[in-house]
Amino acid sequence: MMFTEMQMSGRRSLKEASGANPAWLAVPLVLVALITLTVGLAAGQVSHGPSAIHFFHLFLTHTLQMKAWLATVVVLLACGQLLTAAQIYRVFRFPPSGRFYQSVHRWSGRMAILLTLPVAYHCIFLLGFDTHSPRVLIHSLLGSTLYGVIVAKVLVVRSSRFANWVLPVVGGLLFLVLLGLWLTSALWFFTGAPLQYQ
C-alpha cells in the first residue's frame, strides 16, 4: 500500500512540477517507431541490382561525394544547434542577448533537414536497407530512425504537453543519430572508401 502511494505521489509531483502528463511521452515514442518502421520497410524493398532510377550528384563529380559533403554540412549545423540550444537554455552566455539564438537555432535546423533530403533519397530509394557489413547495418538502422526522431522533436517543440526535460533529450538523441550517420558514411568516405556505389 505504501509503495503504491509513493508511486502515485511521484507521478503527481512530476506532473505538477512540469505541468505535463507523463503519458504524453508515448506519443513521440510511437511516432519514432512508426516512421522508423515505414522508412525501414520502404528501404528494404529496394533491389540492389541496376536501378532504373538515376542517381544525381549536384555540382560534385560523384554521388558519394555529394552525400558525404551534405552529411558533413548537416553535422556542422547540428553542432551549431547544440551551441545555440546551450545559449537558449542559458548554459552558455554569448552576446547578443534576446531572441537571436532562437532564430539561428530554428533556421539552422530547417536548413539541416532540407540538406538531408537528397542524401535520404539516395539512401532510402536507390541503395536501400542493407546488412552486408556492421557499418552498413548501423547506418541503415540510424537512417531509418532519423526522420522519426525529427518528427518527434518537432512535435515536442510545438506542444506544451511535455515536461521541460523532454526537448533537450529528444534534441540530443537527434544529434546522436546525425553524428552516427556521419561516422558511418561521410567519415568512412573521407578516410578512403572505394567509389563502388553511384
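Every number here is computed from the coordinates shown, using simple stated rules; none is lab data. A quick note: this is a predicted structure, and the numbers were derived from the prediction, not measured. Note: ideal-geometry Cβ built from the backbone for every residue, glycine included; neighbour counts use all protein chains shown.
Given bins 5 angstrom wide, list per bin the percent of all Cα-Cα distances in the range 61-191, short to long.
2, 10, 19, 23, 18, 12, 9, 5, 2, 0
Along Cα→Cβ, 7 Å out, is where each label goes; now give me the distance between the ones at M111 and L82 in nm to one decimal.
The answer from the label model is 1.8 nm.
Quick check: pseudo-label points 7 Å beyond the Cα along Cα→Cβ at R135 and L179, how many nm apart are they?
2.0
Please name which of L115, P134, F92 has its Cα lying farthest along the dipole of the range 61-191 towards the positive end, using unit charges on Cβ (Lys, Arg +1; Asp, Glu -1) and the Cα centre as origin.
Checking the options against the dipole of the range 61-191, the answer is F92.
Using the crude model of +1 on Lys and Arg Cβ and -1 on Asp and Glu Cβ, and no other charge, please compute the dipole size for the range 61-191 relative to its Cα centre, in debye to 20.
Numbers: 10 positive and 1 negative charges, 109 e Å.
Using only the charged Cβ atoms, the result is roughly 520 debye.
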